[in-house]
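The values are calculated or read from the model by the stated rules, or taken from the named source; none is laboratory data. None of these values were measured; they are calculated from a predicted model. Here the Cβ positions follow ideal geometry from the backbone for every residue, glycine too, while neighbour counts run over all protein chains shown.
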Amino acid sequence: MSITRRQVVQATLAQAVGAGAMLAGFAPRAAAQAAAYKWPRNFSVVTPVVGTANHSLAVAWTSRFQAATGTRVAVLPAPNGFARASWLNTGEGRISMMQASDYFDQMDAVQGYASKAGGPSDSRVAHMNMVTPWGYVVLADSKIKTVDDIGPGTRIALAKSSSFLVSAIDALLAYRNLKRDDVKIVEVGSYGANTAVLAEGRVDVTFTSPISGPSYQAEAAPGGLRWLPVPSAAKDPAAYKRYRSVMSGYIPQKTVSGVKSSIGVDLDHAFQCNHVRGDEDPEFVYQLIKWLDVNHESYKNDYTHAHLMTVGNLVQFLDSGALQPMHEGTIRYLKEKGSWKPAHQARHDKLVALAQARVKGFQAALAAGEKANVKAEPGNADWTKFWTDFRAKNGMATPFGEEVLALS
């Protein structure tokens, strides 16, 4: 029997109420802090599927939040990244987790983002969620020691549930100058299966995060895991350029959180942010990030990686060169803390201009498509060609991620 999103909302609201009762002892301590602002009666937070780090983190903080404020918060696990975007666009979720690579693909309206509901939209960062490592992983006894050992015949898992998972495999192949037909692609139906097939020995390599539940399960299996360091720009600049042209929106650094086998390994890291719509109430966003910051001690130990949900990491994201624009409520709070710099504002203004231009262009393409009887929907070859041609004719041929990374 299929489960509707309404049933998901009802179930998660019930879970939130139950969690609130368990945390009632916390409520008196934080209620006074929230009393000055009248919080909404309820709202929804859209996350990746159950078992992922971001879903677990959302359950942790929303449980504390609803106990303190009396607001009912539904945590909605979306089946894929495309749904996370469309649920935010259509208002079925008020907050949705998105990392830069997701955002770039959405603004290019590729794959599952090729729809009126899931395509380019003016969303903004409300707060940091986590700094999440991502990488290619093999079984500990594998003969594959580095990405340079990937070659013809290698069995590679491919999950199409989110565009960044697809891009990661295409980036790996681009680095090695291979095509999909050169290797053995094993398609899987979900994020969890993406790691499970490795533990089962059905593939040689997969792409996932060392902080996700499936990685902990695979690490505990006989043999364990070994993570392949991110490709080196110094070793082969041309290959690295091919890799990074597909794998944009990440920052390579040593891994400090996740399964034991990943610690100290150089992996790509994504600053995963909680997005809201650009027209979201600034007071709500301001009060929310303030609550999450002031009350961080209350929930940071409720989940293994909740300590990463900090304003400090948000500022690090800004200092590194933000890849998505901030919401005005967030900017207001950062200004109060003295953390919003002129350089942040200058880059933010450029990001907003890029985003709004792309949204305007996509809306124009939708209107033109309707006149030409070409409907925007995933898998529609006619729309894919129409959108590609429209972008080329209207100054949008450059991938959105490249435009962002080219900003000074």
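Those residues that are farther than 15 Å from Ala353 by Cα and exposed (fewer than 15 other Cβ atoms within 10 Å of the Cβ), I need them from the stretch 389-401; list them, please.
Asp389, Ala392, Lys393, Asn394, Ala397, Thr398 - these are the residues of the stretch 389-401 that are farther than 15 Å from Ala353 by Cα and exposed (fewer than 15 other Cβ atoms within 10 Å of the Cβ).
Can you name the residue in the stretch 373-385 that is out of contact with any helix residue (DSSP H, G or I) (no Cβ under 7 Å at 6 or more places or on another chain), assigned to a loop (DSSP other than H, G, I, E, B) and at pLDDT 95 or above and is also surrounded by the most Cβ atoms within 10 Å (Cβ to Cβ) among such residues?
If we take residues in the stretch 373-385 being out of contact with any helix residue (DSSP H, G or I) (no Cβ under 7 Å at 6 or more places or on another chain), assigned to a loop (DSSP other than H, G, I, E, B) and at pLDDT 95 or above, then Asn380 is surrounded by the most Cβ atoms within 10 Å (Cβ to Cβ).
Considering only strands (runs of 3 or more DSSP E) fully contained in the stretch 31-138, which possess at least 1 residues that are of a type in the set (Lys, Arg)? Give the steps one after another, and end with the answer.
Values: elements: 42-47, 72-77, 95-98.
Ranges flagged: 72-77.
Working only within the stretch 226-235, note down all residues that are modelled with pLDDT of 95 or more and not hydrophobic (A, V, I, L, M, F, W, C).
Restricting attention to the stretch 226-235, the residues satisfying the condition of being modelled with pLDDT of 95 or more are 226-230.
Correct list: Arg226, Pro229.
Quick check: is even one residue across the stretch 144-154 buried (at least 23 other Cβ atoms within 10 Å of the Cβ), at pLDDT 95 or above and either under 22 Å from Leu228 (Cα atoms) or in contact with a Lys or Arg (Cβ under 9 Å, 6 or more places away or on another chain) (or both)? Can you show your working first?
First, the residues of the stretch 144-154 that are buried (at least 23 other Cβ atoms within 10 Å of the Cβ): none.
No, that holds for no residue.
Restricting attention to the stretch 299-313, does a residue exist that is over 19 Å from Ala60 (Cα atoms) and basic (Lys, Arg)?
No, the conditions are met nowhere in the stretch 299-313.
Please pick out the residue among Ala353, Ala376 that is of a type in the set (Gly, Ala, Ser), closer than 28 Å to Asn274 by Cβ, in contact (Cβ under 8 Å) with a residue 40 or more places away in the chain and not assigned by TED's automatic domain parsing to the domain that holds Ser86. Spell out how you get there, then give the answer.
Details: Ala353 fails: in contact (Cβ under 8 Å) with a residue 40 or more places away in the chain.
Answer to the selection: Ala376.
If you take the residues in the stretch 340-350 that are assigned to a helix (DSSP H, G or I) and without any contact (Cβ under 8 Å) to a residue 40 or more places away in the chain, which one is farthest from the chain's Cα centre (by Cα)?
Kept after step one, since they are assigned to a helix (DSSP H, G or I), are these residues of the stretch 340-350: 342-350.
Cutting the leftovers down to without any contact (Cβ under 8 Å) to a residue 40 or more places away in the chain gives us 342-346, 348-349.
Numbers: Pro342: 27, Ala343: 25, His344: 21, Gln345: 23, Ala346: 24, His348: 19, Asp349: 22 Å.
Across the stretch 340-350, the extreme among qualifying residues is Pro342.
Exactly one of (1) surrounded by 13 or more Cβ atoms within 10 Å (Cβ to Cβ); (2) modelled with pLDDT of 95 or more; (3) of a type outside the set (Lys, Arg); (4) in the same structural domain as Arg41 (by TED's automatic domain parsing) is unmet by Pro342. Its number?
All conditions are met except number (1).
Show the residue pairs that are 6+ apart or on different chains and have beta-carbon atoms under 8 Å apart, the first residue being within the stretch 238-252 and of a type outside the set (A, V, I, L, M, F, W, C), the second being surrounded by 18 or more Cβ atoms within 10 Å (Cβ to Cβ) and assigned to a strand (DSSP E or B).
Partner pairs satisfying both residue conditions: Gly249/Ala270; Tyr250/Trp134; Tyr250/Asp268; Tyr250/His269; Tyr250/Ala270; Pro252/Leu267; Pro252/Asp268; Pro252/His269.
Right, Lys290: more than 20 Å from Lys145 (Cα to Cα), out of contact with any Ser or Thr (no Cβ under 9 Å at 6 or more places or on another chain) and in contact (Cβ under 8 Å) with a residue 24 or more places away in the chain or not?
Numbers: more than 20 Å from Lys145 (Cα to Cα): yes; out of contact with any Ser or Thr (no Cβ under 9 Å at 6 or more places or on another chain): yes; in contact (Cβ under 8 Å) with a residue 24 or more places away in the chain: yes.
So Lys290 passes the test.
Could you check how many residues of the stretch 89-119 are aliphatic (A, V, I, L, M) and more than 13 Å from the chain's Cα centre (by Cα)? Show your work before the answer.
Initially, the stretch 89-119 is screened for residues aliphatic (A, V, I, L, M), giving 95, 97-98, 100, 107, 109-110, 114, 117.
The next check asks that each one be more than 13 Å from the chain's Cα centre (by Cα); those that pass are 107, 109-110, 114, 117.
Of the residues in that region, 5 qualify.
Being touching a helix residue (DSSP H, G or I) at 6+ places or on another chain (Cβ under 8 Å), part of a loop (DSSP other than H, G, I, E, B) and either of a type outside the set (S, T, N, Q) or closer than 20 Å to Gly249 by Cβ (or both), is that true of even one residue in the stretch 328-339?
Yes, the stretch 328-339 contains a residue that is touching a helix residue (DSSP H, G or I) at 6+ places or on another chain (Cβ under 8 Å), part of a loop (DSSP other than H, G, I, E, B) and either of a type outside the set (S, T, N, Q) or closer than 20 Å to Gly249 by Cβ (or both).
Look through Ala239, Ala233 and report the one residue that is assigned to a helix (DSSP H, G or I) and out of contact with any Asp or Glu (no Cβ under 7 Å at 6 or more places or on another chain).
Values: Ala233 fails: assigned to a helix (DSSP H, G or I).
Only one candidate passes the filter, namely Ala239.
Out of the stretch 259-289, which residues are part of a loop (DSSP other than H, G, I, E, B) and either at pLDDT below 95 or surrounded by fewer than 19 Cβ atoms within 10 Å (Cβ to Cβ) (or both)? Show your work before the answer.
First, the residues of the stretch 259-289 that are part of a loop (DSSP other than H, G, I, E, B): 259, 263-265, 278-281.
Ile263, Gly264, Val265, Gly278, Asp279, Asp281 - these are the residues of the stretch 259-289 that are part of a loop (DSSP other than H, G, I, E, B) and either at pLDDT below 95 or surrounded by fewer than 19 Cβ atoms within 10 Å (Cβ to Cβ) (or both).
In this structure, is Ile289 assigned by TED's automatic domain parsing to the domain that holds Ala159, closer than 30 Å to Phe43 by Cα and touching a His at 6+ places or on another chain (Cβ under 7 Å)? Outline the logic, then answer.
Values: assigned by TED's automatic domain parsing to the domain that holds Ala159: no; closer than 30 Å to Phe43 by Cα: yes; touching a His at 6+ places or on another chain (Cβ under 7 Å): yes.
So Ile289 fails the test.
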